[in-house]
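S.K.: One structure coming up, written as structure tokens, with questions to follow.
The values are calculated or read from the model by the stated rules, or taken from the named source; none is laboratory data. Keep in mind that this is a model prediction, so the values were computed, not measured. Using ideal geometry, Cβ is built from the backbone for each residue, glycine included, and neighbour counts are taken over all protein chains shown. SASA here: full protein model, heavy atoms, side chains in, ligands and nucleic acids out. Shrake-Rupley method; radii C 1.70, N 1.55, O 1.52, S 1.80 Å.
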Amino acid sequence: MKDSKIINERLRGILPDDDVLSQCIHCGMCLAVCPTYELTKLERSSPRGRIKLIKSVARGEIEMTKTFSYEMNFCLDCQACETACPAGVKYGSMVEAARVELVSAGFISPAGRLIKRFTLGYLFKSHGRLKAASRLLYFYQKSLKRFLHASGILRFIFPKLAEIDKLSPSVSKVFSDDIIPEIDNPAGEIKYKTAFLSGCLMNVMFAEMNIDTVEVLKKIGCQVITPKGQVCCGSLHAHNGDFDTARELAKKNLDIFSKFEFDFMVSNSAGCGAFMKEYGHLFKDDPVYAEKAEKFSERVKDLTEFMVLVKKEIHFGELKENITYHDACHLAHTQKVVNQPRELFDEIPGLTHVPLEESTWCCGSAGTYNIVQYEASMQILKRKMENIRATGAEIVLTGNPGCYQQLKYGAEKFGVNVKVEHPATLFNKSLDKSKK
Amino acid sequence: MDDSVKLQIKKIVGNANYFDSDEDRLCYSYDGTPIYQQLPEAVVFPQDQEQISELFKLANSVPFNIVPRGAGTGLSGGSIPVENSIVIVLTKWNRILEIDSGNLTAWVEPGVITGHFQKEVEKRGLFYPPDPGSLNVCTIGGNVANNAGGLRGLKYGVTKNYVLGAEMILPDGTLLKTGGKNLKDVAGYNLRDFIVGSEGTIGIITKVLLKLIPAPLLSVTILAYFDKLIDSAKAVSGIISSHLTPAMMEFLDNTTINCVEDFTGIGLPRNSAAMLLIEFDGRGSAVSEDAESAVNILKKNNASVVKTATDIKESNSLKSARRSAFSALARRRPTTILEDATVPRSELPVIMEKINEAAVKYGVVFGNFGHAGDGNLHPTCLTDERDKQEINNAHRAFEFIFNETIKLGGTITGEHGTGLAKKQFLEQVAGIPGIEMMKKIKAVIDPGNILNPGKIFSISPRCEGSLPLNREQIGNFKG
Ligand SMILES: Cc1cc2nc3c(=O)[nH]c(=O)nc-3n(C[C@H](O)[C@H](O)[C@H](O)COP(=O)(O)OP(=O)(O)OC[C@H]3O[C@@H](n4cnc5c(N)ncnc54)[C@H](O)[C@@H]3O)c2cc1C
Ligand code: SF4
Ligand code: SF4
């Protein structure tokens, strides 16, 4: 292993500074919301404990060890602790910095390495490549997989793999950017110009949600601009510590989107929205991109955030459904979008919204967490599904593809009779019934 | 500590419940108290009373020290390890064993989280009032050990008013059972009340029998803003002397208001010098009549704004904002040393002036808030433990405040306990005969001085080794 002194110096370099590390007063108020602490009841699996460990490593009091590495990766990075912390401690930036350090010090789980190399390094960098791979995957999912699953061979070879396979989203039959034109106009007058990121995963795995989102935007009078040639927002790379690639992708998007004029950049994926709001920060020291990025980030809005802004002009139609809502971490904790979706549900005539207990708790999806930390993820998911079951709702809504997939899997695995939907789908149904 | 001893400890609790990695020791080297910390030798999660008893026997024979710990939110250093100690953590003992609606009692394990317990009893129309600011995290065991108070202390009292009985393993390994479901019980010395507030120094609480009361049916929450600090203190004294008893009467000064507003964004008055959060609850028309009388008193004392919360949602968000006060103050400076001075309520205006005086005299900044209705304030010094000079000034400012508090007939700690943080001032409050009696009791119950030694007071001559003081004193890792 590398000289620990050097590593510690570097960790200090990446973290904002000792002031950020010192800000935690170890009061413990964050323990109440941490899903991993809830699982182990061990202080080191809590935000307060992890901060203590990061601080100790950064100050050279301890070395990075396997246990340290384990706890940093056991953390969901759900940021519920940041929301809960009255002192305003920036936990997310600490754990992300620690992860970067762990990777460069050679600590990385084999599963993590595999996923990183395959998905992040190769597929997500190019839209075309991802689409080509997804077409293959679609074929696999439709035919080969069915055979393997049905025959039980998969389970026989590697029991966990069979489960993990179910967790990965199925590829949509059509990709949304093949259907959605670059510029899509509403039926009536153009009230707003909204740009739209079709997203890498959203495009190939969740095309229907994208199509619903564009429909909703058009129905409320938006011109929808979905530039061709856009790439992944970069969040997947950044969360795995690869900031160089993240910046490269962000630049590409900034260039492409700046060719168009728009009032808002609407996102229907909590993770992408959260990261695009960070572009300004990502480039704050970049002479060329600083201003461009700042201006871009200011206009990024989650779909529900945007809809609340223009609420007066939306006329929802009656929808007699019984729903509940799961807050995606990247919406509730990162973007602080909590009230907006609820405000919109209240506007839909006939809709019953049953509040979900612990709605802002992570579902255990957390990027690739459900694959790398399968067992823990399932315990966290079980708790979530039991809460959903208790609402008795027919539909659970959530504004992030990762959560969507995880909840769908959970409903099946834990036998909860609930349909998972993106809010855009619900809004679209309601707007279809609008009298105006 | 010898490896052979560690092996024996491991054998008692089982491998899965024994932790001694550097990481685990670091993560149990602190509680909610600023500045103090020390590494334990190991951290254990015993599974039953038998194991705790075995650990005590081993600790006496080796010897080594034992430090009990709940959630570690304590603010006087009660669960911070001492030299040559293991930490016994009770958070996994978190079952509610029985809720007896007929007798209005509940048996719980010590690791039950206070807020969870409250929710459970409220589902049955019952009420457990003690609500420390940390209620979503802290444990009943820690509450009993520290006799924790809370926002509703004014009308409903503190933890001791709700403990009917307990089971405790004593340092010699025997099991003590005291109290029961009887509301009246004068058989022998009152050991039950002695356990409450014992700060983990005379035994480990393994079961608690709590008293419940019927839930209040109505409540009115009042907010009052003041342009002058002193007016808010006078309003509090005015309400108390008019014989009104709100369930809570909480005070926040301008600094605290701003920090809490930064965190919650619920629209607190950033420009006011102080605000009071007052709640009346109960049944029938008395609630609104009392609230009305209080509103008049607030206005008479120059409150610039007086309003009532529109619904339960608003009232709850105001209360949870208040609960975040202590931690929110850390937005200003990274070290928040909070004190717990309590004075007879008529002296509230005086002590507030004295706190301001201390700030000016020693050149330090305070955020001040607290349970004004109880005369219990939490002047919090906003400082930075990395700045030694400033920490020194802070300590001198607190010494000044403590002395003034005692002169007014007050006490150094209303609800957080003495622990490590306040023991140097105990003699001034308890008096020499008082402390001597405490030491004698401790020596009889724990002759080996193995249970949380050095907390509350030092047995003289000191035999608990060096006590945790600050970061510099932490020994280096051997590994
Ligand atoms: C943000 C914040 C707000 C707070 N607000 C309040 C408040 O309003 N009112 C108030 O009174 N306090 C308050 N506190 C202080 C603290 O929460 C209480 O003292 C609480 O009772 C501690 O409980 P705990 O489970 O964290 O115990 P710990 O901190 O782990 O331990 C406290 C003491 O109890 C002992 N102990 C714990 N469990 C046992 C057991 N089973 N048997 C024997 N001894 C045991 C420990 O040795 C220690 O001496 C606050 C703290 C914070 C951080
Ligand atoms: S992160 Fe915030 S809430 Fe958690 S212990 Fe630190 S200061 Fe307290
Ligand atoms: S980010 Fe989530 S899992 Fe990680 S410490 Fe915070 S609350 Fe716990």
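S.K.: Looking at (1) modelled with pLDDT of 90 or more; (2) within 24 Å of B:P63 (Cβ to Cβ), find the lone condition where B:P468 falls short.
M.R.: The number of the failed condition is (1).
S.K.: Does B:S315 satisfy the criteria of being open to solvent by 40 Å² or more (accessible area, probe 1.4 Å) and either within 14 Å of chain A (Cβ to nearest Cβ) or out of contact with any helix residue (DSSP H, G or I) (no Cβ under 7 Å at 6 or more places or on another chain) (or both)?
M.R.: Numbers: open to solvent by 40 Å² or more (accessible area, probe 1.4 Å): no; either within 14 Å of chain A (Cβ to nearest Cβ) or out of contact with any helix residue (DSSP H, G or I) (no Cβ under 7 Å at 6 or more places or on another chain) (or both): yes.
When the stated conditions are applied, B:S315 does not pass them.
S.K.: Tell me whether the range B:214-226 contains one or more residues that are open to solvent by 20 Å² or more (accessible area, probe 1.4 Å) and of a type in the set (G, A, S).
M.R.: Yes, the range B:214-226 contains at least one residue that is open to solvent by 20 Å² or more (accessible area, probe 1.4 Å) and of a type in the set (G, A, S).
S.K.: Quick test for you: out of A:E101, A:E71, pick the one residue that is under 22 Å from B:D20 (Cα atoms), buried (at least 23 other Cβ atoms within 10 Å of the Cβ) and either assigned by TED's automatic domain parsing to the domain that holds A:H333 or not basic (K, R) (or both).
M.R.: Residue meeting the stated conditions: A:E71.
S.K.: Keeping to the range A:35-47, report how many residues are part of a helix (DSSP H, G or I), out of contact with any Ser or Thr (no Cβ under 8 Å at 6 or more places or on another chain) and at the interface with chain B (Cβ under 8 Å from one of its Cβ atoms).
M.R.: Taking the range A:35-47 as the starting set, the residues that turn out to be part of a helix (DSSP H, G or I) are A:35-40, A:43-45, A:47.
Remaining after also requiring out of contact with any Ser or Thr (no Cβ under 8 Å at 6 or more places or on another chain): A:35, A:38, A:40, A:43, A:47.
Keeping just the survivors that are at the interface with chain B (Cβ under 8 Å from one of its Cβ atoms) gives A:43.
Selection size over the range A:35-47: 1.
S.K.: Condition test on A:K292, is it in a loop (DSSP other than H, G, I, E, B) and not assigned by TED's automatic domain parsing to the domain that holds A:M385? Break it down into steps so the answer makes sense when it comes.
M.R.: Working: in a loop (DSSP other than H, G, I, E, B): no; not assigned by TED's automatic domain parsing to the domain that holds A:M385: yes.
It is false that A:K292 is in a loop (DSSP other than H, G, I, E, B) and not assigned by TED's automatic domain parsing to the domain that holds A:M385.
S.K.: Could you tell me which numbered condition B:C259 fails, if it satisfies all but one of (1) within 30 Å of A:H333 (Cα to Cα); (2) surrounded by fewer than 21 Cβ atoms within 10 Å (Cβ to Cβ)?
M.R.: Looking at each condition in turn, B:C259 falls short on (2).
S.K.: Then there is this: Anything in the range B:17-44 that is more than 11 Å from every other protein chain (Cβ to nearest Cβ) and not polar (S, T, N, Q)? List them, or say none.
M.R.: Selection gives B:Y18, B:D20, B:P40, B:E41, B:A42, B:V44.
S.K.: While we're on this one: Hey, can you tell me all the residues within the range B:6-33 that are in contact (Cβ under 8 Å) with a residue 60 or more places away in the chain and of a type in the set (D, E)?
M.R.: The one that is in contact (Cβ under 8 Å) with a residue 60 or more places away in the chain and of a type in the set (D, E): B:D22.
S.K.: Which of (1) more than 14 Å from chain A (Cβ to nearest Cβ); (2) open to solvent by 10 Å² or more (accessible area, probe 1.4 Å) does B:Y128 not meet, given it meets every other one?
M.R.: With (1) more than 14 Å from chain A (Cβ to nearest Cβ); (2) open to solvent by 10 Å² or more (accessible area, probe 1.4 Å) applied to B:Y128, the lone miss is (2).
S.K.: To continue, here is another question. Can you name the residue in the range A:405-436 that is assigned to a helix (DSSP H, G or I) and open to solvent by 40 Å² or more (accessible area, probe 1.4 Å) and is also nearest to A:I211 (Cα to Cα) among such residues?
M.R.: Ranking the candidates gives A:K429 first.
S.K.: Same structure again: Counting only residues that are over 18 Å from A:A274 (Cβ atoms) and touching a Leu at 6+ places or on another chain (Cβ under 8 Å), which one in the range A:88-110 is nearest to ligand 1 (Cβ to nearest atom)?
M.R.: Once the filter is applied, the top-ranked residue is A:A98.
S.K.: Residues that are assigned to a helix (DSSP H, G or I), open to solvent by less than 10 Å² (accessible area, probe 1.4 Å), within 13 Å of ligand 2 (Cβ to nearest atom) and among the aliphatic types (A, V, I, L, M): does the range A:55-62 have at least one?
M.R.: Scanning the range A:55-62, I find no residue that is assigned to a helix (DSSP H, G or I), open to solvent by less than 10 Å² (accessible area, probe 1.4 Å), within 13 Å of ligand 2 (Cβ to nearest atom) and among the aliphatic types (A, V, I, L, M), so the answer is no.
S.K.: Something else about it: Could you please find all residues in the range A:294-336 being touching a residue at least 40 places away in the same chain (Cβ under 8 Å), among the β-branched types (V, I, T) and open to solvent by less than 40 Å² (accessible area, probe 1.4 Å)?
M.R.: Matches in the range A:294-336: A:T304, A:V310, A:I314, A:I323, A:T324.
S.K.: Would you pick out the residues in the range A:45-82 that are within 16 Å of ligand 1 (Cβ to nearest atom) and within 20 Å of B:P40 (Cβ to Cβ)? Walk me through how you get there before you give the answer.
M.R.: Residues of the range A:45-82 within 16 Å of ligand 1 (Cβ to nearest atom): A:46-49, A:51-52, A:81.
Those that are within 16 Å of ligand 1 (Cβ to nearest atom) and within 20 Å of B:P40 (Cβ to Cβ): A:S46, A:R48, A:G49, A:I51, A:K52.
S.K.: Go through the range A:36-54 and give me each residue that's open to solvent by less than 30 Å² (accessible area, probe 1.4 Å) and hydrophobic (A, V, I, L, M, F, W, C).
M.R.: Across the range A:36-54, the qualifying residues are A:L42, A:I51, A:L53, A:I54.
S.K.: Shifting gears a bit: Could you please let me know if A:K252 is assigned to a loop (DSSP other than H, G, I, E, B) and farther than 30 Å from A:E421 by Cα? Write out each step before concluding.
M.R.: Details: assigned to a loop (DSSP other than H, G, I, E, B): no; farther than 30 Å from A:E421 by Cα: yes.
No: the conditions fail for A:K252.
S.K.: Still on this model: Could you tell me whether the range A:38-46 includes any residue that is within 24 Å of A:V100 (Cβ to Cβ) and modelled with pLDDT under 65?
M.R.: Looking for residues that are within 24 Å of A:V100 (Cβ to Cβ) and modelled with pLDDT under 65, one finds none in the range A:38-46, hence no.
S.K.: Note down all Cβ pairs under 7 Å where the first residue falls in the range A:19-34 and is at the interface with chain B (Cβ under 7 Å from one of its Cβ atoms), the second is aromatic (F, W, Y), and they're at least six residues apart or on different chains.
M.R.: A:H26/B:Y30; A:C27/B:F326; A:L31/A:Y37
S.K.: Answer yes or no: is there a residue in the range B:156-173 that is farther than 30 Å from B:S304 by Cα, of a type in the set (G, A, S) and free of Cβ contacts under 8 Å to residues at least 12 places away in the same chain.
M.R.: Scanning the range B:156-173, I find no residue that is farther than 30 Å from B:S304 by Cα, of a type in the set (G, A, S) and free of Cβ contacts under 8 Å to residues at least 12 places away in the same chain, so the answer is no.
Okay, residues lined up against (1) within 14 Å of ligand 1 (Cβ to nearest atom); (2) surrounded by 23 or more Cβ atoms within 10 Å (Cβ to Cβ):
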position: B:R332; (1), (2): no, no
position: B:D340; (1), (2): yes, yes
position: B:Y362; (1), (2): no, no
position: B:T380; (1), (2): yes, yes
position: B:N393; (1), (2): no, no
position: B:T405; (1), (2): no, yes
position: B:E415; (1), (2): yes, yes
position: B:A421; (1), (2): yes, yes
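S.K.: Does B:Q47 satisfy the condition of being more than 10 Å from chain A (Cβ to nearest Cβ) and under 28 Å from the mean Cα position of the chain (by Cα)?
M.R.: yes
S.K.: Can you name every residue in the range B:320-347 that is within 21 Å of B:D131 (Cα to Cα), of a type outside the set (A, V, I, L, M, F, W, C) and within 14 Å of chain A (Cβ to nearest Cβ)? Show your work before the answer.
M.R.: Filtering the range B:320-347 down to residues within 21 Å of B:D131 (Cα to Cα) leaves B:320-329, B:338-343, B:345.
Narrowing the set further to residues that are of a type outside the set (A, V, I, L, M, F, W, C) leaves B:320, B:322-324, B:327, B:339-340, B:342, B:345.
Of everything in the range B:320-347, those that are within 21 Å of B:D131 (Cα to Cα), of a type outside the set (A, V, I, L, M, F, W, C) and within 14 Å of chain A (Cβ to nearest Cβ) turn out to be B:S320, B:R322, B:R323, B:S324, B:S327.
S.K.: Among the residues of the range B:89-116, count how many are of a type in the set (S, T, Y), free of Cβ contacts under 8 Å to residues at least 40 places away in the same chain and either within 10 Å of B:L210 (Cβ to Cβ) or within 13 Å of chain A (Cβ to nearest Cβ) (or both).
M.R.: Summing the residues that are of a type in the set (S, T, Y), free of Cβ contacts under 8 Å to residues at least 40 places away in the same chain and either within 10 Å of B:L210 (Cβ to Cβ) or within 13 Å of chain A (Cβ to nearest Cβ) (or both) in the range B:89-116 gives 1.
S.K.: Among the residues of the range A:259-281, write down those that are in a helix (DSSP H, G or I) and open to solvent by less than 30 Å² (accessible area, probe 1.4 Å).
M.R.: Residues satisfying the conditions are A:A270, A:G271, A:C272, A:G273, A:A274, A:F275, A:M276, A:Y279, A:G280.
S.K.: Further question on the same structure: Which residues, taken from the range A:60-83, are within 9 Å of chain B (Cβ to nearest Cβ) and not hydroxyl-bearing (S, T, Y)?
M.R.: A:E61, A:I62, A:E63, A:F68, A:E71
S.K.: Against the conditions (1) within 14 Å of chain A (Cβ to nearest Cβ); (2) open to solvent by less than 20 Å² (accessible area, probe 1.4 Å), where does B:I66 fall short? Just the number, please.
M.R.: Unmet condition: (1).
S.K.: Name every residue in the range B:281-326 that is under 24 Å from B:D253 (Cα atoms) and part of a strand (DSSP E or B), in order of residue number.
M.R.: Matches in the range B:281-326: B:A303, B:S304, B:V305, B:V306, B:K307, B:T308.
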